[in-house]
Amino acid sequence: MQEQETSKGKKEINGFLPFYTNAFDRVFIGVVILIGIHLLWLRFMEPALPIEAATVISLVIGYIVVRRG
Amino acid sequence: MRNPRTGWLLLSPTLIILLLFGFAPFLYVLFVGFNQWNVFSADDGLVFNGLDNFRRLVFDDDFLHSVGLTARFAIFAIGSEVVLGFVLAQMLTRNFPGKSLFRIIHTLPLMVAPIAVGAIWRLLVIPGFGPVPFFLDRWFDLKYQIGSYPDQALWTSVIMDVWHWTPFVTLTMLAGLSAIPKEPVEQARVDGANRFQVFWYVTLPFLRPVLLTTVFIRIMDAIRTVDEVWMLAGGGPGTRFTGIYIWRVVFPRTDYGYGSSISLITLYLTIVLCWLLFIAISGRRKGEVE
């Protein structure tokens, strides 16, 4: 995973996301994914599986995004 | 001279005001969004109900319909404003007779309050009184009634928004165009670039920050539009945008908890949309030079 410093002194990494991200970007994307998954889960999946499953899935995805995004 | 403490001291009044009037109300709405709070219900206090408001929201056809309508309104209004604003700004960079007068007249709608804009357009399009339905009927035999036809109400809202906000886009684009140095444009012309190539490879990259800021401001404004559309159509079919739906839930129905949850999801959608646009326009994608 490549790491580069921008002109403003922020560290950005070249992960699997299609753009360079700093730490704030990756946490933000993690939160956006968390909310999105919960809303979609409430709409489509809740009769089959409880909402806690959505929390676990979104936390795992959030962790991957923050570490490798 | 560079003392961080002095910087924070100078920033502190703004930060305090932002925290008090921006962040604290947001936290309160976040709290209310997870509660049931209806003053006309049996228990008129706040009752924690977890995700129930959001569970109700994702199945609420009226809300989902309002999101779709708002998206259509925002796409067509902002798209038209950006194209028109750019063309007018290009025109205003050149000299022509009556340029100053045109610039003043063109900027006038910006000075009118949204509620007055709604009132003006209502007077223009009200059936049996306004000139627009009269002439459309007389010249094209077209029945124009925004209270009866949702599509007509939506398109009238779009045209009204374009009329009101295109001057703002023109002014920002004009500022952006004025800041472009002449040398790269002249170099491109010497190298044989045609007008489209000059626009695409020179003008547009220089305009990118201005374009981004303008579209951000317009997206946020378009998504929260209430007053002028309310004045125009009274929340009738075709104009039940998200802002108007929130108003209906919060005020006449006094369902504060549910209204807060809709506000939060609208904020979420706005932030995600602006962020995606930022990534697309700002040049942070891989393979692009910042």
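The values are calculated or read from the model by the stated rules, or taken from the named source; none is laboratory data. Remember, predicted model here, so these are calculated numbers, not experimental data. Reconstructed Cβ throughout: ideal geometry from the backbone, glycine too, with neighbour counts over all protein chains shown. What goes into the accessible areas is simple: the full protein's heavy atoms, side chains included, and nothing from ligands, DNA or RNA. Shrake-Rupley method; radii C 1.70, N 1.55, O 1.52, S 1.80 Å.
Structure data summary
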item: Some residue of the stretch B:248-262 being open to solvent by 80 Å² or more (accessible area, probe 1.4 Å), assigned to a helix (DSSP H, G or I), modelled with pLDDT of 90 or more and over 30 Å from B:G130 (Cβ atoms); result: no
item: Filtered residue count, the stretch A:13-61, keeping only those that are part of a helix (DSSP H, G or I) and farther than 18 Å from B:L276 by Cβ; result: 17
item: Helices (runs of 4 or more DSSP H) wholly inside the stretch B:73-180 containing at least 3 residues that are crowded, with 19+ Cβ neighbours inside 10 Å and in contact with a Gly (Cβ under 9 Å, 6 or more places away or on another chain); result: B:150-178
item: Filter result for the condition that a residue is farther than 21 Å from B:Y268 by Cα and either more than 9 Å from every other protein chain (Cβ to nearest Cβ) or under 11 Å from the mean Cα position of the chain (by Cα) (or both), over A:G30, A:G15; result: A:G15
item: Among the residues listed as B:V39, B:V83, the single one being under 30 Å from B:Y268 (Cα atoms) and more than 19 Å from the chain's Cα centre (by Cα); result: B:V39
